[in-house]
Each structure stands twice: as structure tokens, then as C-alpha cells.
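What follows is calculated from the coordinates using simple rules that are stated; it is not laboratory data. Everything quoted here is computed from the prediction, not taken from an experiment. Cβ atoms come from the backbone with ideal geometry, glycine included; neighbour counts cover every protein chain shown.
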Amino acid sequence: SVAVVDVNSDNKPDIIVANTGSNTTGVLLNTGSGTFNAETTYQVGFDPRSVAVVDVNSDNKPDIIVANSGSNTVDILLNTGTGTFNAQASYSVGSLP
């Protein structure tokens, strides 16, 4: 799955993607000229299927939530405010999120 949101507060929409084959979530920062920087990846649980972007810790920075179908987990990546994210926190959930 893909989400599009400004994650580094530069008023340009960035791309967040679930990389199922590599068990990572990728962030591509918008350069503003119709192109994006190379993908930065973050390790997440097994078989990530969907991403959502929302501020989960009330710091006015969009964080990434990843549903991992193969590990029955949800991971949260907290936004540092510069377009990078802290190591994920993982939570067990029901079957095949």
C-alpha cells in the first residue's frame, strides 16, 4: 500500500510505501521538482500489507503505522520531524491485519 503526506514539514507531499517482499517500509521525500529522493527504508514485521500516516503521539508530526499480515503485528514509526523515523515499536494484533 502507499500513502502520500508531507512528513518533513516542507509543504511537499512525500511517499510512504509498504514493501512486502523485503519486510520494510519506505519513505521517499519530495524534492519539489517532480522527483523524489532515493527511498529510505525501515525494518518492520513480516509481510507488511498496509500503511497509514497519522500523528499518534500529539507532537504535530505525522507518524507511520504499518500492518504486518505475516507476523500479526502493527508497527509504529515515530517521526523525528526531519523526514526520518525512530525505530519501530511493535504491537501484537489479531490474525492477518
I'm trying to understand the selection: among the residues of the stretch 72-87, which are more than 15 Å from SER50 (Cα to Cα) and either part of a loop (DSSP other than H, G, I, E, B) or among the charged types (D, E, K, R) (or both)? LEU78, THR80, GLY81, THR82, GLY83, THR84, ASN86, ALA87
Return only the number of the condition from (1) out of contact with any helix residue (DSSP H, G or I) (no Cβ under 8 Å at 6 or more places or on another chain); (2) surrounded by fewer than 16 Cβ atoms within 10 Å (Cβ to Cβ); (3) over 20 Å from LEU96 (Cβ atoms) that SER1 does not satisfy. (3)
Considering only residues that are hydrophobic (A, V, I, L, M, F, W, C) and outside any strand (DSSP E or B), look in the stretch 18-39 and name the one that is surrounded by the fewest Cβ atoms within 10 Å (Cβ to Cβ). ALA38
List every residue pair whose Cβ atoms sit under 6 Å apart, with the two residues 6 or more apart in sequence or on different chains, where the first one lies in the stretch 26-44 and is closer than 28 Å to GLY70 by Cα and the second, anywhere, is outside any loop (DSSP other than H, G, I, E, B) and of a type in the set (A, V, I, L, M). GLY26/VAL17; VAL27/ILE16; LEU28/ILE15; GLU39/LEU28; THR40/VAL27; TYR42/LEU77; VAL44/VAL66
Selected residue (criterion: surrounded by the most Cβ atoms within 10 Å (Cβ to Cβ)) from residues of the stretch 41-67 that are outside any strand (DSSP E or B) and of a type in the set (Gly, Ala, Ser): GLY45
Total residues in the stretch 68-97, condition in contact with a Leu (Cβ under 9 Å, 6 or more places away or on another chain) and either on the phi < 0 side of the Ramachandran plot or surrounded by 18 or more Cβ atoms within 10 Å (Cβ to Cβ) (or both): 8
Test SER92 against the criterion of being among the hydroxyl-bearing types (Ser, Thr, Tyr) and within 14 Å of SER1 (Cβ to Cβ), and give yes or no. no
Restricting the stretch 45-92 to residues that are acidic (Asp, Glu) and in contact with a Ser or Thr (Cβ under 7 Å, 6 or more places away or on another chain), which is nearest to GLY21 (Cα to Cα)? ASP47
Give me the pairs, please: first residue somewhere in the stretch 58-71 and in contact (Cβ under 8 Å) with a residue 24 or more places away in the chain and closer than 16 Å to ALA87 by Cα, second residue anywhere and among the small types (Gly, Ala, Ser) and in a strand (DSSP E or B), beta-carbon distance under 7 Å, and either six or more positions apart or on two chains. VAL66/ALA18; ALA67/SER50
Scan the stretch 82-97 and report the pairs whose first residue is under 19 Å from LEU28 (Cβ atoms) and touching a residue at least 24 places away in the same chain (Cβ under 8 Å) and whose second residue is acidic (Asp, Glu) and outside any loop (DSSP other than H, G, I, E, B), with Cβ atoms within less than 9 Å and a gap of 6+ or a chain change. GLY83/ASP14; PHE85/ASP63; GLN88/ASP75
